[in-house]
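Notes follow the structure.
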Amino acid sequence: MILVLNCGSQSIKYKVFGGDFKILREGAITLKSQRNYRQELSKVLDELKDLKESIKFVGHRVVHGGPKFRSPIAINPAVLKELSKYDNLAPLHNPFNLLGIKSALKIFPKAKQIAVFDTGFYENLREEALIYPLPESIRRKYGFQRFGFHGISHKYAAELSGERKVISCHLGGGSSITAIDNGRAVDTSMGFTPMEGLVMMSRCGDLDPGVVLKIAQVFSPKKADEILNHESGLKSICGLSDMKEILKKLSEGDKKAELALKIFVYRIQKYIGAYYAILGGCDALVFTGAIGAGSEKIRKMICQNLTILQTPKQVKILTVEPNEELAIAREIQRYAF
């Protein structure tokens, strides 16, 4: 049996897979507050204690593996210590990923624990997409480069599409777009951290670095991090960070909700156009993630007046239900066998 534990900042999900990836057990909880995260995680893992002798592998989604970890890796104390160094680069994700690992090590001491990285799909990005135009000595010393995120989701979506040139849109609490050619990531909207790129629920996305510098000067680096990660994005425009609530406000004629969605859609369309040019065309535009796959209204807003969909060669518009747990289980099977 393979247990996949997917610990996010606002949710805890798991699936237990048997032969041929048949789901034997699954569960998910959504957290409105992180204050009781440890207790809720313990409750989830308690549900699985009866399987601890049968589970041979435990797979963990880890958002940021830094420059050292890209491929799946067996977890040991040295790996855990190294991974903890990247908590500040993905503060909304990595601390919870690692908490899940530490908890699972206690509950399933005999199982082989394996980390699968969101950044792994982008290991072979071309230099022109990978490198930031900063002094080489600084880039090398601090490891500044494009890492990319949501790679597990984008790779899974592209594989299910069955197409060669794919623009994959993972839209959820965090959102990103990836250009994919023949199963290989060519470029992606997120960068050194999951803050770059699209406008997200509470993250700013692309922003003039001068604005970041000014915020850090006026407040502090720590406060700047809080503002850009937790107080920006759609939340800063309309006061809401839940897409269902924003769409409800839109239906009620709320102007701030309307503006927030215009900004959200505009940035996505901009990236789609850029990636269409980089790929030299597109066979499929794929939507995944809770919003991408779950909201037909958002998809229609994005595709409306998108001229690349009106080219002589028809671009397929596909939706792929997110299933990171299955994708991780497949990676574990490749790694272990």
Given the candidates I263, A274, L247, the one whose Cα lies deepest towards the positive end of the charge dipole of region 218-290, counting +1 at each Lys or Arg C-beta and -1 at each Asp or Glu C-beta, is I263
For region 114-206: relative contact order, % (alpha-carbon pairs under 8 angstrom, 6 or more apart): 25 percent
Mind ranking 54-63, 321-330, 35-44, 201-210 by how tightly packed they are, going by the mean number of other C-beta atoms within 10 angstrom, highest first? 54-63, 321-330, 201-210, 35-44
Relative contact order for the chain: what percent, with Cα pairs under 8 Å and sequence separation of 6 or more? 16 percent
Which three extents, in whole angstrom, do the alpha-carbon atoms of region 85-221 cover along their principal axes, largest first? 49, 41, 33
Return a single number: how many Lys pairs in region 136-257, at a sequence separation of 8 or more or on separate chains, have alpha-carbon atoms below 23 angstrom apart. 15
What pairs in K32/K300; K13/K43; K49/K81; K270/K300 have C-alpha atoms more than 22 Å from each other? K32/K300; K49/K81
Contact order normalised by residue count of region 1-158, Cα under 8 Å, 6+ apart, percent: 24 percent
Among S220, H230, S54, pick out the residue whose Cα is farthest towards the positive end of the charge dipole of the chain, where Lys and Arg carry +1 and Asp and Glu carry -1 on C-beta, about the Cα centre. S54
Charged-residue dipole, Cβ positions (Lys, Arg, Asp, Glu), region 15-103 about Cα centre, Debye nearest 20: 200 debye
A correct Stokes-Einstein calculation for region 196-259, using the alpha-carbon Kirkwood radius, 10 °C and 1.306 mPa s, returns a whole-number D in µm² s⁻¹ of 128 µm²/s
What ranking do 244-252, 128-136 get when scored by the average of other Cβ atoms within 10 Å per residue, highest first? 244-252, 128-136
I'm checking a number: the convex hull volume of the Cα atoms of the chain, normalised per residue, in Å³. What is it? 146 Å³
Counting only protein heavy atoms, what percent of the accessible surface of the chain is carbon or sulfur at a 1.4 Å probe? 51 percent
When we measure straight from the Cα of K316, which aspartates and glutamates land under 14 angstrom away, once same-chain ones fewer than 8 places off are left out? E163, D283
Under a point-charge model restricted to the Cβ atoms of Lys and Arg (+1) and Asp and Glu (-1), what is the dipole moment magnitude of the chain relative to its Cα centre, in debye to the nearest 20? 440 debye
Once fully extended, how much extra length lies between K214 and R25, figured as 0.36 nm per residue of separation less the alpha-carbon to alpha-carbon distance? 63.1 nm
Okay, which of region 149-193 sit inside 12 Å, backbone N to the point 7 Å along the Cα-Cβ direction of S11? 171-174
Accessible area (Å², per residue) of the chain, counting only protein heavy atoms and a probe of 1.4 Å: 49 Å²
Projected label distance in nm at T319 and S54, using a 7 Å step from Cα toward the beta-carbon: 3.4 nm
Viscosity 0.890 mPa s, temperature 25 °C: Stokes-Einstein D of region 1-148 from its Kirkwood Cα radius, in µm² per second? 149 µm²/s
Restricting to region 1-106, compute how many DSSP beta bridges are antiparallel as a %, nearest 5. 75 percent
Using Cα centres only, tell me the gap between region 26-100 and region 118-156 in whole Å. 23 Å
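The values are calculated or read from the model by the stated rules, or taken from the named source; none is laboratory data. Remember, it's a predicted structure, so these values are computed and weren't measured experimentally. Glycine gets a Cβ as well: all are built from the backbone with ideal geometry, and neighbour counts include every protein chain shown. Calculation scope for accessible area: heavy atoms of the full protein, side chains included, ligands and nucleic acids excluded. Shrake-Rupley method; radii C 1.70, N 1.55, O 1.52, S 1.80 Å.
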